[in-house]
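In what follows, a single structure is set out as structure tokens and then discussed.
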Amino acid sequence: MTPIASSSIIEALQWRYATKVFDPSKKIPAETWAVLEESLVLTPSSYGLQPWKFLVITNPEVREALVPHAWRQRQVADASHLVVLAVRNGYAEADVDANIFRMAEVRGGTPDALMGFKNMVMKTLVHGLPQEDLTQWAKCQAYIALGQFMTAAALLGIDTCPMEGFVPAKMDEALGLAARGYTTAVLCPAGYRSEDDRYAYLPKVRFKPEDVIEHI
């Protein structure tokens, strides 16, 4: 593959910001959205377990119904697409087995040949942590997906807004997640910024590199 120019990466990261006002008339092209979905699929995760479900919500009625559960923030409804990053409530042997079978399917071999890996995951993760800690672990994994998605979007000229301002129980109820064994970790609307969003024109505020990076 041909590496992306360093200047292009920095330019895209300087350009992106947490978009407060989206232009509801502008929609992300299907071919561009397909790339962004693939960026979610390709997200790395601890043990490769991928403890998530990415709900892509474009139905306007569903999204309007979610606005009250997101502290009345209009990005949820006005962006081109809304991604709800949901994770499993706890983790069980069946979840590990699903990954084992997928590994055998993609890489060849048999699930039995991966029993050593399975036993290690079961011991250190499934049996090694309380279920509530497993859910928290899964939420941390979801933030890896969030970061990868936002970076890919910036490189494609797509605006995003990571959102923790929502009521998880209400969001889960509205989307039927609890019944499926999932809970909402974080939201990320994606689309195109409105010209009326004053935050688009504000300088980015970050600490100086020497204040946050140490070379040892």
Test Thr32 against the stated conditions and say whether it is within 18 Å of Cys161 (Cα to Cα), of a type in the set (Ser, Thr, Tyr) and either open to solvent by less than 70 Å² (accessible area, probe 1.4 Å) or touching a His at 6+ places or on another chain (Cβ under 6 Å) (or both).
-> yes
Scan the stretch 161-216 for residues that are hydrophobic (A, V, I, L, M, F, W, C), free of Cβ contacts under 8 Å to residues at least 12 places away in the same chain and either open to solvent by 100 Å² or more (accessible area, probe 1.4 Å) or more than 30 Å from Trp15 (Cα to Cα) (or both) and report the count.
-> 5
List every residue pair whose Cβ atoms lie under 7 Å apart, where the two residues are 6 or more positions apart in sequence or sit on different chains, the first residue falls within the stretch 19-35 and is of a type in the set (D, E, K, R), and the second residue, located anywhere, is open to solvent by 30 Å² or more (accessible area, probe 1.4 Å) and modelled with pLDDT of 95 or more.
-> Lys20/Tyr199; Asp23/Tyr192; Asp23/Arg193; Lys26/Tyr192
How many residues of the stretch 1-29 are open to solvent by less than 80 Å² (accessible area, probe 1.4 Å) and of a type in the set (A, V, I, L, M, F, W, C)? The answer is 8
Limited to the stretch 98-120, what total is found for residues that are open to solvent by less than 70 Å² (accessible area, probe 1.4 Å) and closer than 16 Å to Ser45 by Cα?
-> 6
Listed by range, helices (runs of 4 or more DSSP H) wholly within the stretch 128-216 having at least 1 residues that are at pLDDT below 95 and over 22 Å from Ala79 (Cβ atoms) are 131-155
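The values are calculated or read from the model by the stated rules, or taken from the named source; none is laboratory data. None of these values were measured; they are calculated from a predicted model. Heads up, the Cβs are rebuilt from the backbone with ideal geometry, glycines too, and the neighbour counts pull from every protein chain shown. When the accessible area is computed, the model is the full protein with side chains, heavy atoms only, and any ligands, DNA or RNA have been set aside. Shrake-Rupley method; radii C 1.70, N 1.55, O 1.52, S 1.80 Å.
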